[in-house]
1. Among 285, 242, which is the only one that is outside any helix (DSSP H, G or I) and more than 22 Å from residue 56 (Cβ to Cβ)?
2. Working only within the stretch 245-276, note down all residues that are of a type in the set (D, E, K, R) and assigned to a helix (DSSP H, G or I).
3. Would you please list the contacts, defined by Cβ atoms under 9 Å and residues six or more apart or on different chains, that run from a residue in the stretch 262-279 that is on the phi > 0 side of the Ramachandran plot to a residue that is assigned to a helix (DSSP H, G or I)?
4. Looking at residue 150 and the list (1) over 18 Å from residue 62 (Cβ atoms); (2) not in a helix (DSSP H, G or I), which single condition is not satisfied?
5. Do you know which residues across the stretch 203-233 are hydrophobic (A, V, I, L, M, F, W, C) and out of contact with any Phe, Trp or Tyr (no Cβ under 7 Å at 6 or more places or on another chain)?
6. Has the stretch 268-279 got at least one residue that is buried (at least 23 other Cβ atoms within 10 Å of the Cβ), farther than 22 Å from residue 57 by Cβ, at pLDDT 95 or above and in contact with a strand residue (DSSP E or B) (Cβ under 8 Å, 6 or more places away or on another chain)?
7. Which members of the stretch 210-238 meet the condition of being touching a Ser or Thr at 6+ places or on another chain (Cβ under 8 Å), small (Gly, Ala, Ser) and surrounded by 16 or more Cβ atoms within 10 Å (Cβ to Cβ)?
8. Looking only at the stretch 3-33, how many residues end up being under 23 Å from residue 272 (Cβ atoms) and either in contact with a Ser or Thr (Cβ under 7 Å, 6 or more places away or on another chain) or of a type in the set (Phe, Trp, Tyr) (or both)?
Amino acid sequence: MRIGLFMLANRDAPALVERIARAEEEGFDGVWFGQVMGPDVMTVLALAGARTQRIELGTSVVPVQLRHPIFMAQQALVVNSATRGRLTLGLGPSHRVVVEGMWGLSYDRAAAYMREYLSVLRPLLHEGKVDFQGEFFRVNVSLQVPDARPCSVLVSALGPVMLRVAGELAEGTVTWMTGPRALETHVVPRLIRAAEAAGRPRPRVAVGLPIAVTSDPEAARQRAGQLFQFYNQLPSYRRMLDIEGAGGPQDVAIVGSEEEVERQLRRLAAIGTTDFLASVFPGGDGDDAQSMGRTREFLRSLVGKL
């Protein structure tokens, strides 16, 4: 299981590029950025391509409603060229409260929209052209992007229909706030069945969770409940927490001593997680910087060993 860092795009672009370069120096397998209202993470990753050599550069995730698949393909091909083939494009439909409440767009039939989106995007990434006539998209276009090389695509799939879409049309899924029980009984088997039925390779399962190495796990869980309480209110994550039998984000956060954290990570690897995206948060030992430093240092020690 590869270990990457899930980062917030909460600094200016040069500062974010420095963070990515540091993660590579520390030996992490990848860095992953969500796209909300901060800097455009695709641009940040393109800039990081010149400062780094080997680290995977991922989005987790870019919402699809704001970027037509033609533009998404153009941007992804350029970023993948700038990073010498190290981009992994994580895409998703976001959430109704964001899409309708903030952007004024429709969230209806999100899974059907996502299927058509990928049906346009993938041929553009792999062949540079597409002729597709659907309900949401009617596209007939050829791209002219020098040094075009296709990138891997992951989908933020949690529900059964979205998992089928991810298995059939993408290289796998990227999840957030989804614990081991939900992964083992719901996400992984559905994703694998869909990929097998479509004749595709075994899919990637990139799992993002809060993590803190700490001597006071109870305090760390309380902190996680406070820091990540917003996700308890989003229906898609709440459904995964219900499958887990979790009261909230604090119950799926990975916390404990080095030995306890390693045990939890090995369980994720055993149930099919290919990539762990670590959202490091302060667990309460010393000041926040010391606490997060302890976690990060331990994660470094596990790279290549899970």
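The values are calculated or read from the model by the stated rules, or taken from the named source; none is laboratory data. Since the model is a prediction, treat every value here as computed from it, not as a measurement. Here the Cβ positions follow ideal geometry from the backbone for every residue, glycine too, while neighbour counts run over all protein chains shown.
1. None of the others qualify; the one that does is 285.
2. From the stretch 245-276, those of a type in the set (D, E, K, R) are 251, 258-260, 262-263, 266-267, 275; that's our starting set.
Across the stretch 245-276, the qualifying residues are 251, 258, 259, 260, 262, 263, 266, 267.
3. If the second residue must be assigned to a helix (DSSP H, G or I), the pairs left are 272/183; 272/184; 272/187; 272/188; 272/189; 272/191; 272/192.
4. Looking at each condition in turn, residue 150 falls short on (1).
5. 205, 206, 209, 211, 219, 220, 228, 230
6. No, there is no match, as no residue in the stretch 268-279 is buried (at least 23 other Cβ atoms within 10 Å of the Cβ), farther than 22 Å from residue 57 by Cβ, at pLDDT 95 or above and in contact with a strand residue (DSSP E or B) (Cβ under 8 Å, 6 or more places away or on another chain).
7. Across the stretch 210-238, the qualifying residues are 212, 220.
8. 3
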